[in-house]
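The values are calculated or read from the model by the stated rules, or taken from the named source; none is laboratory data. This is a predicted model, so every value here is computed, not measured. Every residue, glycine among them, receives a Cβ derived from its backbone with ideal geometry; neighbour counts consider all protein chains shown. Remember, those area values only see protein heavy atoms, side chains included, never the ligands or the DNA or RNA. Shrake-Rupley method; radii C 1.70, N 1.55, O 1.52, S 1.80 Å.
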Amino acid sequence: MRIGELAALVGVSTRTVRHYHHFGLLPEPERLSNGYREYRLRDAVALARVRRLTELGLSLDEIRDVLADDQGRELREVLTELDADLARQQTAIAEQRQRLAALLAAGENLDELDADATVSEPMAAVLRQLPTDGSAFAALDREMLALLDTGVGPEQRGEFSALFQPLTEPATLARTQEFYRRLDEIADADPADARVASLAADLEGFLPAEMTDAIATNAGDADGVQWLTAITREFSPAQAEVFRLLVARLRGRR
C-alpha cells in the first residue's frame, strides 16, 4: 500500500501518518526502488492502534510505551486487543447516547435542565446527595466534580465517583456541610490565617483513605500538579492554601 491508501484505510490524513513517523510512533516501512514507501498489513494495524490510543487520551510518550510492548507479539494478538478496544468504545458511545436520550426526554426546554444532569450517572448520584445549603464553596465543588467527571474515561467513572460517596453518607453528611461552611468562612482570609492550617489538618483526618491515597499519588506527577493548579485557581488565596497544605501533608505521609 502507498501512504494515501494506508491513511484512507485507517481514516486519518497522510499528514497524520507522517507526524506519527516523525515521533517514532509508526516505524518507517521499506522503500521500493522508486523511493516510495511500501506499507503492509502490520503497518495498518499499528496505525489503527495509534489512532485508538490517541482517542483514549494517551500522550504520545504513553502511546510509544504501549507500542513498544506490542513489538514481538503475534499479529492476531494485537488485532484481538484492538478489537476489544473498539468494542469498549462502542459500549461507551452507546451509554453516552442513552444519556443524551434521557436528557432530551427530560423536558422540552433544555436550557432549564439541571447542569448536573450532564454528568455520568454515578457522579449524578453523588451530586444529588452532596449538601448545598447556599454554600458558595459547595456550589464551586459541584462544578469541579462535574468537570472532572467529563475527563474520566467511561470505564473509570464508577470508581472515580465512589471516592466521593463516603462524603454523602448519613454519618458524615453533617461534617461535610461543616467543612463547606469553614471553607466559606475563610474566603476573604489571609493565607497565613491560623484557620487555614487547622482546616487542612482536619480535612486530612476527615477525607476517606481511598481519596487521600488518590490525591497523594496523582499530585506527585506533572499532570497532577497541573490539575491541582487548575482547580485551585478558582479558589480564594486562603482556600487554595488549604488544599496546598493538604496535599503536602498527604505526600509527606507516603
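Would you tell me the accessible area of PHE23, worked out with a 1.4 angstrom probe on the heavy atoms of the protein chains, in Å² to the nearest 10? Its accessible surface works out to 80 Å², give or take rounding. Working from label points 7 Å from Cα in the Cα-to-Cβ sense, the ALA8 to ALA162 distance is 4.8 nm. Mean projection of the Cα convex hull over all viewing directions, computed for segment 129-208: 5.8 nm².
A crude spin-label estimate for the pair ASP133 and GLU185, with each label 7 Å from Cα along the Cβ direction, gives 1.2 nm.
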